[in-house]
Amino acid sequence: MPEYKAPQRDIQFVLNELLDMQQHYQSLPGCEDASPEMVSAIIEEGAKFAERVLAPLNREGDTQGCRFEGGKVTTPDGFKEAYQQFIEGGWPSLAHSPEWGGQGLPESLGIVINELVGTANWAWSMYPGLSHGAMNTLEAHGTDEQKQTYLTKLVSGEWTGTMCLTEAHCGTDLGLLRSRAEPNEDGSYRISGSKIFISAGEHDMAENIVHIVLARLPDAPQGTKGISLFIVPKFIPTADGSCGEANSLECGSIEHKMGIHGNATCVMNFDEATGYLIGPPNKGLNCMFTFMNTARLGTALQGLAHTEWGFQNSLTYAKDRLQMRALNGAAAPDKPADPIIVHPEVRKMLLTQKAIAEGGRALIYYCAQLVDQSKLADAEQKALADTQLALLTPIAKAFLTELGFECANHGLQIYGGHGYISEWGMEQNVRDARISMLYEGTTQIQALDLLGRKVLMTQGETLKSFTRVIHKFCEANQEQSGMKAFIGPLQKHNREWGELTQQLGMKAMMNRDEVGAASVDYLMYSGYVTLAYFWARSASVAQQALAAKNPDAAFYRAKLNTAQFYFERILPRTRALVETMLSGVENLQALDAEHFQF
């Protein structure tokens, strides 16, 4: 049976040694109470909840799935009870303002807990996970009355939230949406329309569900400039804040899908449902991106989760499974065959999983630091954090989910035929991982956003905000003993990143389609260089720890070995990406659409 063990040692390494979260918290107003002792205690309790409560429900949620009848959704056995434990533990309120009932701890600490919860049971984690974005949107754009009515209940976990964007005729192109909002005399609105693919849109785990809905006002201009954002609750709150009458909305069906069976993906129908405007009219997309950016970092976590879960279970299997002999002679002569971990190709898959999981964790936690700074730092630091987040969010979301799916498949492959059958859980991990490359904007959309909007439209200034960080690190560590194998390649790739950007920018001036033709390769290249930076930092910390005779020498040697593997086996993937991204759009456009035949 598959199991999950929270990787607390590596989490502590990233927080305390790589990113120096203690100093980070001390530098931000309101975070001073997040001492190392408090942070460790919270992570330890979060690990217990993830390992003991959520992980055992993961397979049951997949096999049983959600049940839909008469517009109501029943979640798999144990899901509702686990959510009540989650509320009782105070987990929903961890990283939210005390003004609205939160505990006031940093966003970055909340992201650590989200990793533990999501890796243990991704389908379950989506129920409270969607609420987090709704809370951020209300906190940033809601009125005081809206915050008091809805935000307090979401922070406590009594109510959950959703994001209702997609319609059947439009996915990412929200400018085409048709849902409408008619004003009422009392200042509310009548919301009508149908939304699809709404995660956690209906369930039995909370007493109310707060839908955040995009719709058009009657006099709205066409396209994305005519979209407004609304709160549409399942039950309309009464004056005392409790659930009142049912709103005129319903779940029309739930999707029969490839994976994440434990989470209800709903068709939501709104029939003149009562809604309340969030933010200014026709500025819904601006407000919605508060939600969307939160969701994109959350989806990056999904890539990490499936990588970590696959790595843990395939590593255990590889140490136990006996098959063939090592090519240089028996590694376990007392056994009829050697454990498959002795075979180089198995080790390659395991090391790929380990390198992506640990490097991805460093990237996401670094982004979490930037989120803290964006919310709490002074104006100058906030501006820099926002700029770096603009660059790193699409990279983290798309790159880590692409590699998360690759690593989930490595896990299945290590199991061989046993990986393809359900009892070991590896095929579920593959199925559950696949959606991550589609959520919150596909890889291709993230790539267009990265290259077209975040990099080229700023004349490369957004990119420079991070390449300068890499440059400064290389300068500061190039004389450190043992770092030459990391600093040299990292410097080369960092320079090349800027040079490639300039070349693509020049090509795009002649033909804008060059951006679309190069964008995914550019994003993947950017991801490999970004992770190389974090692996070089990890190698530096590990070397210093070993030089200081740290008693946990085996951990630091493993860090160094994995860093070496990443630089020699994973980073060279950039060579092919350079060739393909510069090959031009012509090889994609030469064949006319009518000549695409089968």
Non-local amide H neighbours of Ser188 (under 5 Å, H modeled in plane, Pro and chain starts lacking H): which ones?
none
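Can you quote the Å³ per residue value for the convex hull of the Cα atoms in the chain, rounded to an integer? Let's see the in-between values first.
On the way: hull volume 107.0 nm³, N = 598.
It is 179 Å³ per residue.
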Just for the Cα atoms in region 460-586, what are the lengths along the principal axes, largest first, rounded to whole Å?
58, 25, 18
Percent relative contact order of region 460-586, based on C-alpha pairs within less than 8 angstrom and at least six residues apart?
30
On the Cα set of region 226-307, report Rg and Dmax in Å, please.
16.2, 47
For Lys147, the aspartates and glutamates lying under 12 Å Cα to Cα, once residues fewer than eight places off in the same chain are dropped, come out as Glu99, Glu139
Please work out the Cα center distance from region 487-538 to region 195-214, rounded to the nearest Å.
39
Non-local residues with an amide H under 5 Å from the amide H of Glu167, with H modelled 1.01 Å from N and Pro and chain starts lacking one, are Ile196
Residue-wise HN-Hα coupling along region 118-134, computed from phi with Karplus coefficients 6.51, -1.76, 1.60 (Hz; x: Gly, Pro)
x, 5, 5, 6, 5, 4, 5, 4, 6, 5, x, x, 5, 5, 4, x, 4
Net charge contributed by nearby residues that have their C-beta within less than 14 Å of Pro281 (K/R +1, D/E -1)
+2
Length-normalised contact order of the chain in % [C-alpha pairs under 8 Å, at least 6 apart]
12
Remind me, relative contact order of region 1-70 in percent, using alpha carbon pairs under 8 angstrom and six or more residues apart?
40
Whole-Hz couplings from phi, Karplus 6.51/-1.76/1.60, listed for region 353-368; x for Gly and Pro:
4, 5, 5, 6, 4, 6, x, x, 4, 4, 4, 5, 5, 5, 4, 5
Using θ = phi - 60° and Karplus 6.51 cos²θ - 1.76 cosθ + 1.60, couplings along region 388-396 (whole Hz; Gly, Pro as x)
5, 5, 4, 6, 7, 4, x, 5, 4
Applying a 10 Å radius around every beta-carbon, put 122-128, 165-171, 513-519 in order of their mean neighbour count, most first.
122-128, 513-519, 165-171
Any trypsin sites (Lys or Arg not before Pro) in region 481-547 that lie in a DSSP loop and have at most 15 other Cβ atoms within 10 Å would be Arg512
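Given Lys153/Lys382; Lys319/Lys354; Lys5/Lys375, which pairs have Cα atoms separated by over 21 Å?
Lys153/Lys382; Lys5/Lys375, as the Cα separations exceed 21 Å there.
Summing -39500 (n - 2.57) over the DSSP H runs of n ≥ 4 in the chain and dividing by its residue number, what mean residue ellipticity at 222 nm do you reach, to the nearest 500 deg cm²/dmol?
Details: 19 runs with 308 residues, N = 598.
The helix contribution divided over the chain gives -17000 deg cm²/dmol.
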What translational diffusion coefficient, to the nearest whole µm²/s, does region 365-432 have by Stokes-Einstein, given a Kirkwood radius computed over alpha-carbon pairs, a temperature of 37 °C and 0.692 mPa s viscosity?
232
Using amide H atoms built 1.01 Å from N in the peptide plane, name the residues 5+ places from Ile260, or on other chains, whose amide H lies under 5 Å from its own.
Asp432
Per q in 0.20 1/Å, what log10 I(q)/I(0) does a Debye calculation on the alpha-carbon atoms of region 147-208 return?
-0.98
Just to confirm my numbers, what's the Cα centroid distance between region 253-296 and region 10-31 in Å?
33
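Taking 0.36 nm per residue of separation and subtracting the Cα-Cα distance, what length does fully extending Ile87 through Asp592 add? Before the final figure, lay out the partial values.
Details: separation 505, 0.36 × 505 = 181.80 nm, distance 5.65 nm.
Once the chain is fully extended between Ile87 and Asp592, it gains 176.1 nm.
Read-outs: derived from the displayed coordinates by stated rules, not from any lab. Predicted model only: the values in this text are computed from it and were never measured. All Cβ positions, even for glycine, are placed from backbone atoms using ideal geometry, and neighbour counts span all protein chains on display.
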